[in-house]
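Colleague: Please find one structure pasted underneath; my questions will follow.
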Amino acid sequence: MHLARFNPVRFAHLPTPLEPLPRLTAALAVSPGGGPELWVKRDDCTGLAGGGNKTRKLEYLLGDAFANDADTLITQGAVQSNHVRQTAAAAAMFGLACEVILEQRTGSNAHDYNHSGNVLLDELLGAKIRSVPGGTDMNQALAEAAAEVAARGGRPYVIPGGGSNVIGALGYVECALELVNQANEAGLEIDRIVTATGSAGTHAGLVAGLAVMGADIPVLGIGVRAPKEVQEANVFKLAVETADLLGHKDRVTRDLVVADCDYVGEGYGLVDQAVIEALKLCARTDGLLLDPVYTGKAMKGLIALSALGRFDGETVVFLHTGGAQGLFGYQSVMEGHL
Ligand SMILES: *Cc1c(COP(=O)(O)O)cnc(C)c1O
């Protein structure tokens, strides 16, 4: 697959490691069928100010920003957005200005949620932050911010929430390629990839990359916000567009897109005890730090589905999409539950 023609800017620490999780595997071997053998793809280690999955997307998005001669990155996310933090870091790294719009999506008034974790890092990285109420039309807010920057003579580049458009998704096409190469070198036969799925770019990029490559590895996305029909439709649309950009639109079929959205709990960014148990289990078995919003919820789903025997006998790669920097925004929520 020829990705260099999209001119990504290189700053991610790649390839990220692919590591076995022997103790977590043993902990999940409670199903009568023995459960899965678990591995982790460490995209929490992409290097950009704490790293995470937005870094790979930003390599392609910054390439496009430079092609458009931008001097200001504009993006949006929830208050504890990891995407916003990584965008702010990428901007700093290349001397670009960065304006971010944070949506009060969870409605939390907690001090740590609104000021610590990713927010503290956004400020440290020099992003100009504006806050808007939950339910704001964020695409409209992005357009307004871009118009303001342009009106004062700046050259804005708008990155959608989560960096999830076709350009950003190319980062996860590249991840699919990287993972399959690692598996081939290690002689590891992967039966399934499990990832959190939110703004859809990660899931769509993986599906498109694997399909265009002909790798035939199923991907299970565990939803963190939208219901299944909406999530799968979003991922499918973006996966088709991404494969189209690569010249192989027809290879992404609807059946390749599978999301399980039964583990969202009370809603986006809201933590329940099963999420905390998933965070504890990964930390205490293999020293792995997950996050409360995405990977903790995905692992909550993976644990529950393992117990149901859904992955029995499979080699499952959990894509660790990062986010542990957000943990500090959830201190007051988790205190007393650890
Ligand atoms: C954004 C994010 C995700 C979800 O990725 P999408 O491409 O938005 O679906 C998963 N995990 C973490 C830690 C994230 O920050």
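Just so you know, all these numbers are worked out from the coordinates, no wet-lab data involved. Since this is a predicted model, take the numbers as computed values, not measurements. All Cβ positions, glycine included, derive from the backbone under ideal geometry; neighbour counts span all protein chains shown.
Colleague: Which of ILE190, ILE276 comes first, and how do the rest follow, when ranked by fewest Cβ neighbours within 10 Å?
Modeller: Values: ILE190 21, ILE276 18.
Result, fewest neighbours first: ILE276, ILE190.
Colleague: In straight Cα distance, which lysines are under 23 Å from LYS128, not counting same-chain residues fewer than 8 positions off?
Modeller: LYS54, LYS57
Colleague: If neighbour count is taken as other Cβ atoms inside 10 Å, put MET213, MET299, MET93 in order from fewest to most.
Modeller: Starting with the residue having the fewest Cβ neighbours, the order is MET93, MET213, MET299.
Colleague: Calculated from DSSP H runs of 4 or more alone, at -39500 (n - 2.57) each and per residue, what is the 222 nm mean residue ellipticity of the chain, nearest 500?
Modeller: On the way: 12 runs with 141 residues, N = 338.
Helices in the chain give a 222 nm mean residue ellipticity of -13000 deg cm²/dmol.
Colleague: Follow-up. State the Cα centre-to-centre distance between segment 168-188 and segment 306-338 in whole Å.
Modeller: If we compute the Cα centre of each part, the gap is 22 Å.
Colleague: What are the lysines whose alpha-carbon lies under 21 Å from the alpha-carbon of LYS280, with same-chain residues fewer than 8 places away excluded?
Modeller: LYS41, LYS297, LYS300
Colleague: Quantify how much of the Cα-Cα distance distribution of the chain extends past 38 Å, in percent. Don't jump to the answer; show the numbers that get you there.
Modeller: Details: 5915 of 56953 pairs.
That fraction is 10 percent.
Colleague: Taking the number of other C-beta atoms within 10 Å as the exposure measure, put CYS261, CYS282, CYS98 in order starting with the fewest.
Modeller: Values: CYS261 19, CYS282 25, CYS98 22.
Ranked by crowding around the Cβ, least crowded first: CYS261, CYS98, CYS282.
Colleague: Under the classification rounded if a/c is under 1.5, otherwise prolate if a/b is larger than b/c and oblate if not, where does segment 44-135 fall, given a ≥ b ≥ c as square roots of the Cα gyration tensor eigenvalues? Mind showing how you got there, number by number?
Modeller: Numbers: a/c = 2.01, a/b = 1.60, b/c = 1.26.
Because a/c hits 1.5 or more and a/b exceeds b/c, segment 44-135 counts as prolate.
Colleague: Excluding GLU277 itself, what net charge comes from residues whose Cβ is under 14 Å from its Cβ, given Lys and Arg +1 and Asp and Glu -1? Kindly include the intermediate steps, with their values, before the conclusion.
Modeller: Values: positive: LYS280, ARG284, LYS297, LYS300; negative: ASP272.
Overall, the nearby charge balance is +3.
Colleague: Would you mind pulling out the separation of the Cα centroids of segment 111-145 and segment 197-261, in Å?
Modeller: Taking the Cα centre of segment 197-261 as reference, the centre of segment 111-145 is 28 Å away.
Colleague: Another question about this same structure. Which GluC sites (Glu not before Pro) in segment 141-218 pass both tests, a DSSP loop state and at most 10 other beta-carbon atoms within 10 Å? Don't skip to the answer; put the middle values down first.
Modeller: Values: sites: GLU144, GLU148, GLU174, GLU178, GLU185, GLU189; in loops: GLU189.
Sparse-neighbourhood loop GluC sites (Glu not before Pro): GLU189.
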